[in-house]
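Chemist: Quick one: the structure is below, questions incoming.
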Amino acid sequence: MLRQKGARVGKVTPAISQLIADMLETMHAAAGVGLAAQQVGQALQLTVIDVRAAKDRPSTLERLGQPADIAAFMPLVLMNPEITPAAQPVSGPEGCLSFPEIYADITRPESVDVVGMNEKGERIEFRCGGLLGRAVQHEADHLHGILFIDRMSAATKKELKRQLDEMHAETKAALKKEQPR
């Protein structure tokens, strides 16, 4: 499922609202800052993000060209996001709830312009940077079947090869158990 590109969300239905609530609960329970629908078995362009707990990694947010209160914007529900780079790429640390205990420096634009739909089905537009910018890009990648391990340098992948191979083997074995005979 993590490799599946998500279908666009046309409108917010009761099922989508329930999925959003469940994803927020799952993300907060796992102490994550973001969660994509693919990570909970749904191939949809839907992600939830909440960077309020990350005090050591600052975020920036602008709405209508003005600085905005990040806490008031969280948790962020983002559907069908379109992301445009707004600054030069920088390298920074990332992890992923789908790859526990694996962290690496990933290069992404420092800030991005984002257009999407919120939990009410309304159009939202903003520019974000820092941790929020990184989280939005990381989660948007998930919505297109791209994983943060795909963005790692060759040297980093080589360093993490044993861990990634073990995780891959465990996942394959678990999937094999789940398949009906």
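Chemist: Residues to consider are Leu64, Leu76; find the one that is among the aliphatic types (A, V, I, L, M) and surrounded by 15 or more Cβ atoms within 10 Å (Cβ to Cβ).
Modeler: Leu76
Chemist: Cβ-Cβ below 6 Å, separation at least six or inter-chain, first residue in segment 45-59 and under 17 Å from Gly129 (Cβ atoms), second part of a loop (DSSP other than H, G, I, E, B): which pairs?
Modeler: Close Cβ pairs (under 6 Å, with a partner that is part of a loop (DSSP other than H, G, I, E, B)) amount to Asp50/Met74; Asp50/Pro75; Val51/Val33; Arg52/Met74; Ala54/Val33; Ser59/Val51.
Chemist: Right, another one. What about His138, is it part of a helix (DSSP H, G or I), without any contact (Cβ under 8 Å) to a residue 12 or more places away in the chain and of a type outside the set (D, E, K, R)?
Modeler: For His138, the condition - part of a helix (DSSP H, G or I), without any contact (Cβ under 8 Å) to a residue 12 or more places away in the chain and of a type outside the set (D, E, K, R) - is not met.
Chemist: Quick one: which residue in Thr84, Thr107 is closer than 27 Å to Lys5 by Cβ, assigned to a strand (DSSP E or B), at pLDDT 95 or above and out of contact with any Pro (no Cβ under 6 Å at 6 or more places or on another chain)?
Modeler: Thr84
Chemist: Suppose we filter segment 88-132 for residues that are of a type outside the set (Asp, Glu) and under 14 Å from Val77 (Cα atoms); how many remain?
Modeler: The total comes to 11.
Chemist: Right, here's the next one. Mind counting the residues in segment 1-15 that are without any contact (Cβ under 8 Å) to a residue 40 or more places away in the chain and either aliphatic (A, V, I, L, M) or in a helix (DSSP H, G or I) (or both)?
Modeler: Selection size over segment 1-15: 3.
The values are calculated or read from the model by the stated rules, or taken from the named source; none is laboratory data. Everything quoted here is computed from the prediction, not taken from an experiment. In this analysis, Cβ positions are derived from the backbone assuming ideal geometry, glycine residues included, and neighbour counts consider all displayed protein chains.
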